[in-house]
Amino acid sequence: MKIAVFSTKSYDRRFFDAANSGGGHRLIYFEERLSVKTTLLARGFRAVCVFVNDSLDRNVLAMLSKHGTDVVALRCAGFNNVDLEAAKEFGIEVVRVPAYSPKAVSEHTLALIMSLNRKTYRAHNRIREGNFSLEGLLGFEVHEKTVGIIGTGRIGQEFAKLMKGFGCEMLAFDPAVNAEVERLGVKYVSLDELLRGSDIISLHCPLLPGTHHMIDAGAIAKMRDGVMLINTSRGRLVDTRAVIEALKSGKIAYLGLDVYEEEGDMFFRDLSNNVIQDDVFARLLTFPNVIITGHQAFFTDTALRNIAETTLGNISDIEGGHRCENIVTAERVRS
Ligand code: NAD
């Protein structure tokens, strides 16, 4: 199939070309993000392949459909950037990569926790300047802590395995109990109990209308003083302004973000010669106890290989009229 691949970087091309080495599909790469302004680039392509910050709202989907697209292949797990009701209305099939490497994201989550705890990012900078002082670098032992996991699907489950290795107490909140996670010794509790009882809280649930800003001022007020909050899931799960107030008061003592509410205009681009226009993001950068990575939790060689192979496999299934496991529909999301 002829596929317009949006938001591509050199690493996307490398892994997609390798996955397509048999020449099954014709891939045309665009660096542009898909939006109303760029939709015309996809004219005449039956499939478009997109990533987390491409916009597939009703207007974009209407234009894609008008110009012959009937497959949207997300090369990611989340699908919050697609209007699924509109896709159905326009007869566009939406496919995704539900599990390209849950280990990649859970391992990055652990990296954020350990960096914040032992302050390796600060120590690294100090040593390079000949400052060997330990002032301000005091850490804690993770095994003494209670870890709260919000969302215990594929990534949450892998994260629970890692934290079990530390010997932590673990609490979880998820409307769907995962028996495998329970077997790891994780105790399912209400969201309130998790917020009140955890020293480290890590988000692994999807962004849905019901989870938008689930971590707001009210949720933060219930948390323990000095809590560590980690979000490697989706930026809009967290009300960033409320988090900034909690960082200022000391309620949140550590913040690790791989995702940000308004990341769409910044992440995945080199803006080092530009002035950051987002004042909320700029404020976050001023805190010594905040680490932000630019949506890189997924970014391992294993994950990129799996993403490319599954995405092209999804498109081949649809092209061949086979059953595709990875179709996303509004009905499936609601069920
Ligand atoms: P998954 O579908 O396997 O698991 C999600 C879990 O969240 C499910 O168990 C579901 O029941 C639960 N859930 C749904 N609503 C909830 C709620 N209100 N409260 C608590 N739990 C709820 O998904 P996954 O593969 O584990 O991925 C989780 C999220 O991680 C994705 O939605 C995506 O947004 C994010 N993600 C981020 C990256 C990255 O690079 N930073 C990469 C992949 C995925």
Exercise. Work out how much length R118 to S21 would gain on full extension: take 0.36 nm times their residue separation and subtract the Cα-Cα distance, in nm to one decimal.
Key: 30.5 nm
Quiz item: If you place +1 on the Cβ of every Lys and Arg, -1 on the Cβ of every Asp and Glu, and leave all else neutral, what size is the dipole of the range 60-218 about its Cα centre, to the nearest 20 Debye?
Solution: 560 debye
Quiz item: Which FRET efficiency value, to the nearest 0.05, is calculated for N131 and A176 with the Förster distance at 51 angstrom and r the Cβ-Cβ distance?
Solution: 0.55
Quiz item: Once label points are set 7 Å from the Cα along Cα→Cβ at both I276 and D192, what is their separation, rounded to one decimal in nm?
Solution: 3.6 nm
Quiz item: In percent, what relative contact order does the range 102-292 have, based on Cα pairs under 8 Å that are 6 or more apart in sequence?
Solution: 19 percent
Quiz item: Going through the DSSP H helices of the chain, which span 20 Å or more along their own axis at the Cα atoms while scoring at least 0.0 as a mean Kyte-Doolittle hydropathy?
Solution: 102-118
Practice problem: Among DSSP beta bridges lying fully in the chain, give the percent that are antiparallel, nearest 5. | Solution: 0 percent
Quiz item: FRET efficiency for K164 and L41, Cβ-Cβ distance as r, R0 = 45 Å, nearest 0.05?
Solution: 0.45
Quiz item: If you average the sequence gap of Cα pairs under 8 Å that are 6 or more apart and divide by the length of the chain, what percent do you get for the contact order?
Solution: 18 percent
Practice problem: Find how many whole Å separate the alpha carbon centroid of the range 106-174 from the alpha carbon centroid of the range 77-91. | Solution: 35 Å
Quiz item: Of T8, F51, G23, which is farthest along the charge dipole of the chain in the positive direction, counting Lys and Arg as +1 and Asp and Glu as -1 at C-beta?
Solution: G23
Quiz item: Counting other Cβ atoms within 10 Å of each Cβ, which chymotrypsin sites (Phe, Trp or Tyr not before Pro) in the range 232-301 have at most 16 and sit in a DSSP loop?
Solution: F268, F299
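By its C-alpha gyration tensor, with a ≥ b ≥ c as the square roots of the eigenvalues, how is the range 175-244 shaped: rounded for a/c under 1.5, else prolate for a/b larger than b/c, else oblate?
Since a/c reaches 1.5 but b/c is at least a/b, the shape of the range 175-244 is classed as oblate.
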Practice problem: Using only Cα positions of the chain, each an equal point scatterer, no hydration layer, compute I(q)/I(0) via Debye at q = 0.06, 0.11, 0.12, 0.15 Å⁻¹ and quote the log10 values to two decimals. | Solution: -0.23, -0.76, -0.89, -1.28
Self-check item: Semi-axis lengths, Å, the range 224-293, gyration tensor of Cα atoms, sqrt of 5 times eigenvalues
Solution: 21, 13, 10
Quiz item: How big is the equivalent ellipsoid of the range 102-292 along its three axes, where each semi-axis is √(5λ) from the Cα gyration tensor, reported in whole Å from largest to smallest?
Solution: 26, 21, 16
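Kindly state, to the nearest 0.05, the FRET efficiency for L184 paired with A99, given R0 = 22 Å and r defined as their beta-carbon distance. Could you put the intermediate results ahead of the total?
Working: r = 18 Å, r/R0 = 0.83.
The formula returns an efficiency of 0.75 here.
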Quiz prompt | For the chain, size of Cβ-based charge dipole, Lys and Arg +1, Asp and Glu -1, in debye | solution = 380 debye
Practice problem: At a Cα cut-off below 30 Å, give the lysines reachable from K88, other chains included and same-chain residues fewer than 8 away excluded. | Solution: K2, K9, K37, K66
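All of the numbers you see were taken from the coordinates with simple rules; none came from a lab. Just so we're clear, the structure is a prediction, and the values are computed from it rather than from any experiment. Please note: Cβ atoms are built from the backbone with ideal geometry, for glycine as well, and neighbour counts cover all protein chains shown.
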